[in-house]
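Since the structure comes first, as structure tokens, the remarks are kept for the end.
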Amino acid sequence: MAEPALINDPTALLVFFAGFVALIFVLAQTRPFDRLFRYLPPIVWIYLLPVVLTTAGITPAESAFYDWCTDYLMPCSLLLLVLATDVPAIRRLGPLAAAMLLSGSVGIVIGGPIALAIFQPFLDDPQIWKGLGALSGSWIGGLSNMIAIKEGVGAPDDVFAPMIIVDSVVGYGWMSIIILLSGYQNRIDRWNRARREELDALNQRLQQVQAENARPITLPAFASMLGVGLVASWLCMRGGELLPQVGSVLSHFTWGILLVVAVGLGLSFTPIRRLEHRGATPVAYGGLYLMVATMGAGGDLAAIAEAPLVLGVGVVWIGIHVACLFLAMRLLRAPVFLFATGSMGNVGGVISTPVVAGVFQPALAAVGVLMGVLGNLVGTPLGLLCAQLMAWVARAYHGAASL
């Protein structure tokens, strides 16, 4: 029987992880520690270090606090993030940027089933598709989609645990490669005869809007964010319980998340969207970072012993994603900036994409935010599609045992 963790009380875990996230951000801005975050941004440490803490017995792999974050904090944060979406601005990204992002999404959707079909004969667990299905959510839009699809397909914790390792090693390994490419972007763009006019014009418009509307956060605005986020997301999740389950992936929880996205998009066309100018996005990120820490705490480094084959699935999967993006970049003569943000809008989501965008072109970080948000919006439905395709692959090999 495993020894109990050093910290088990839900309130103590809230305090611990809140302090942990704050410490990471303080260190990221403090010399000489800031060097550690130059190529591995805070999100990597916030996600991976809790895996070490759980393996060391400091934090538990399961807790009522983690469940609370999944049921309440994540939907609220997601709604605030979608609420802040500038839909007209996303439309102004133009067909070039959207095509690059969606090319990456297609690579993930088709790459998952292909990679699983290659490795399925060597994978013993017939339900491994559920963990990979959750991973598809992370690789189309980010961790919030990963959580939603994990709950939607009912991925057991022992199946999901290796996915944290795969996500960290393969996903963030690819992000490191993309960041290294930033030093060669001008050379690559010249070789590809890339078109940059639309991107430069869009960046000017976005920077002007941000400069004209940004305001300091106030107590009424913060209270409104909490009220709108918690009430609307709670109603959406309860509404999801009233809708029927469909297939292996569309559960009551998934319905609730889809409602959260839909309601958030609807509110983005109302005056409530002005909360974004008061800091709705940073508040949403705060909740997501805390959620990321609890996700990492659900993992265990011991799972790496069972992960080599799953790591192979991840490498092949990302390889197909990169191939689709590279083909699109060549055919469309897209700047390597859009190759990078199109990939990270899928694999990294709303948290990592602005980081990568800022490394490539500091003035275009706002474009990275929008690409990440767009990836987040399409992530849940496309992730569900990918999960269903992998369910069919697993069923072809294992029959009813894969359900």
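Couple of notes before you dig in:
- In this rough spin-label picture, where each label sits 7 Å from Cα along the Cβ direction, the Leu301-Ala12 distance is 2.3 nm.
- Residues Asp71, Asp189 arranged by fewest to most Cβ contacts within 10 Å: Asp71, Asp189
- Under the span-like rule (Cα at least 18 Å along the axis, Kyte-Doolittle mean at least -1.0), DSSP H helices of the chain: 10-28, 42-55, 94-119, 219-242, 252-267, 280-297, 308-332, 365-398
- Computed over the chain, the quotient of the alpha carbon radius of gyration and 2.2 N^0.38 Å is 0.94.
- Using the Cβ-Cβ distance between Ala323 and Arg395 with R0 set to 30 Å, the FRET efficiency works out to roughly 0.65.
- Alpha-carbon centroid distance for the pair segment 34-61 / segment 265-293, whole angstrom: 25 Å
- Using a Gaussian network model of the chain in which every pair of alpha carbons under 10 angstrom is joined by a spring, one finds that among Ala56, Ala84, Ala357 the greatest mean-square fluctuation is at Ala56.
Laboratory data are not the source of any read-out in this text; all were calculated from the coordinates shown. This one's a predicted model, so the numbers in the text were calculated from it and none came from an experiment. Because the Cβ atoms are built from the backbone with ideal geometry, glycine has one as well, and the counts that use them run over all protein chains shown.
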